[in-house]
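Written out below as structure tokens is the structure these notes cover.
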2 protein chains.
Amino acid sequence: MQLRLPGARRGTKRDATRRALLESALNVFGEKGYHRAAVDEIVSRAGRSKGTAYFHFPSKEAIFRALVRELASYLVERVERELDDEPTAIHRLDAALLSVIDIFTKHRTLARVTLVEVAGAGRAFGDDLLFVRQQFAALIRRHLDAAVAEGALEPCDTDLIATAWFGAISEIVVHWLHDPDRGPLHMTYPALRHLLLQSVGIDINQLPSDRIPAHA
Amino acid sequence: MQLRLPGARRGTKRDATRRALLESALNVFGEKGYHRAAVDEIVSRAGRSKGTAYFHFPSKEAIFRALVRELASYLVERVERELDDEPTAIHRLDAALLSVIDIFTKHRTLARVTLVEVAGAGRAFGDDLLFVRQQFAALIRRHLDAAVAEGALEPCDTDLIATAWFGAISEIVVHWLHDPDRGPLHMTYPALRHLLLQSVGIDINQLPSDRIPAHA
DNA sequence: CCAAACTGACCGACCAGTCAGTTTCGGTGA
DNA sequence: TCACCGAAACTGACTGGTCGGTCAGTTTGG
């Protein structure tokens, strides 16, 4: 799991410590959830001391917030990177869905923290709580807007649709997280894809189907 | 907020205490979230003592679980009651959506506990955590299956669709909970309805539109 | 040499859960 | 009608453990 560390020059010792702490935090928060995760465990797994954690972050909450922001950036950046050579906005939406499914399949802890823990950490955290969700919905929305601009889509409430799509995807992933035995996440891709695209009136046959088996 | 108390004869003193505790728990959990909610506060707001809470429930977690079950029953029962005189399964799905939006609009605390807190209370709770979600997805699924049986819908993965629909609705409600200033929840109904129905290939014009303004 | 980075023992607040004792109340027999 | 009993319901002071956060002191590195 490679974390992106914006605004900090890489390779310094300070940076390595910060990264070690966040990486450990990802695991502990992912396993225990925010409240049951103890700072003591985060630092011990990171091979640092408690004082160091409080040298780098003012509070446990700040560690969590920083982690969520890193994860959101990582996720959005990595998904967007895969969309570059898609010809149309609709293709990019399609590719984004596949990409997200792929990432979550490979990084369950990331999925758990960004989709489940963030919701439960409580509104005490203010707006940061919804950071990942907003980032992601914004990504979907951008490409929906592009599709409208391209004329592939009727003008519509892209904000609402992006939110709804994110909710749908999130719910499916959360179910899969909770009970992975019901088959790999990739299995749901064709049906989910069909559902989402059809919801905005896109004929599934507009898209070449040769892309599907690529990841499946 | 009327809670349903299955399996207990109403009107007894015991029942009144249990109800008072759960009602108070609903408020405190709704305001503070599971972890920040103190049993002391729940009992004090209920006008009872701590010992009483532990006489009726074995643990704080048990209070939460019981509450979630009551809420799920209340919600599903109340929604289903409104579907009786709808002519077709599609109409019932439509009515259910409106009904849910209505209930959540009027009972924000209920929405917060069932949609947000349940997710965040952590997997420590085992499967009960997903109780509301499952109950609700099952409701949607039943009517989707009915629609298939009626021939109004092509055979499809109704389980997946129900999950996705629930996720979409849930996400919209959670956004509204978090930032209610962006307009009442009812405002999203037409667009959301259109999106969901179109996602399964239902032509919006099949349904009489005179129902829309009824609750709007 | 100094500041940044780091250490880990310690503190204190918080809170779920306990328990010994008290009150309430339906039943029972005289 | 009433005295009495036992169980159910209830009380709230107390405890034990957990854990976020502190800080006085040590190490590192430029």
Counted residues in region B:189-216 being at pLDDT 90 or above, open to solvent by 50 Å² or more (accessible area, probe 1.4 Å), closer than 22 Å to A:Ile204 by Cβ and more than 7 Å from chain A (Cβ to nearest Cβ) come to 1
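For (1) within 15 Å of DNA strand D (Cβ to nearest atom); (2) closer than 19 Å to A:Leu130 by Cα; (3) more than 14 Å from chain B (Cβ to nearest Cβ), each residue gets a yes or a no:
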site	(1), (2), (3)
A:Arg18	no, no, yes
A:Ser24	yes, no, yes
A:Ala38	yes, no, no
A:Glu41	yes, no, yes
A:Phe55	yes, no, yes
A:Tyr74	no, yes, yes
A:Glu77	no, yes, yes
A:Glu82	no, no, yes
A:Val100	no, yes, no
_Looking at region B:86-107, can you tell me whether even one residue there is under 16 Å from the mean Cα position of the chain (by Cα) and within 13 Å of DNA strand C (Cβ to nearest atom)?_
no
Note on region B:57-71: residues aliphatic (A, V, I, L, M) and either surrounded by 20 or more Cβ atoms within 10 Å (Cβ to Cβ) or more than 23 Å from B:Gln135 (Cβ to Cβ) (or both) are B:Ile63, B:Leu67, B:Val68, B:Leu71
Checked pairs for region B:98-113, first open to solvent by less than 10 Å² (accessible area, probe 1.4 Å), second of a type in the set (D, E, K, R) and not in a helix (DSSP H, G or I), C-beta under 7 Å and 6 or more apart or across chains, list as B:Ser99/B:Glu82
Of A:His143, A:His186, A:His178, the only residue that is within 21 Å of the chain's Cα centre (by Cα), more than 8 Å from chain B (Cβ to nearest Cβ) and over 25 Å from B:Ala191 (Cβ atoms) is A:His186
From the option list A:Thr114, A:Thr88, A:Thr105, single residue qualifying as away from DNA strand D (no atom under 15 Å from the Cβ), within 14 Å of chain B (Cβ to nearest Cβ) and either of a type in the set (S, T, N, Q) or more than 20 Å from A:Leu177 (Cα to Cα) (or both) is A:Thr114
Listed by first then second residue, the pairs whose first member lies in region A:50-61 and is among the polar types (S, T, N, Q), whose partner is within 11 Å of DNA strand C (Cβ to nearest atom), with beta carbons under 7 Å and at least 6 positions apart or on separate chains, are A:Thr52/A:Thr17; A:Thr52/A:Val43
Is it the case, given these coordinates, that A:Trp165 is within 8 Å of chain B (Cβ to nearest Cβ), part of a helix (DSSP H, G or I) and either charged (D, E, K, R) or crowded, with 19+ Cβ neighbours inside 10 Å (or both)? yes
Does B:Ala138 fit the bill of being of a type outside the set (Ser, Thr, Tyr), open to solvent by less than 20 Å² (accessible area, probe 1.4 Å) and either more than 16 Å from B:Phe166 (Cβ to Cβ) or modelled with pLDDT of 90 or more (or both)? no
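The values are calculated or read from the model by the stated rules, or taken from the named source; none is laboratory data. Computed from a predicted model, the values in this text were never measured in an experiment. Here the Cβ is made from the backbone with ideal geometry for all residues, glycine too, and neighbour counts use every protein chain on show. These area figures cover heavy atoms from the full protein model, side chains too; ligands, DNA and RNA do not enter into them. Shrake-Rupley method; radii C 1.70, N 1.55, O 1.52, S 1.80 Å.
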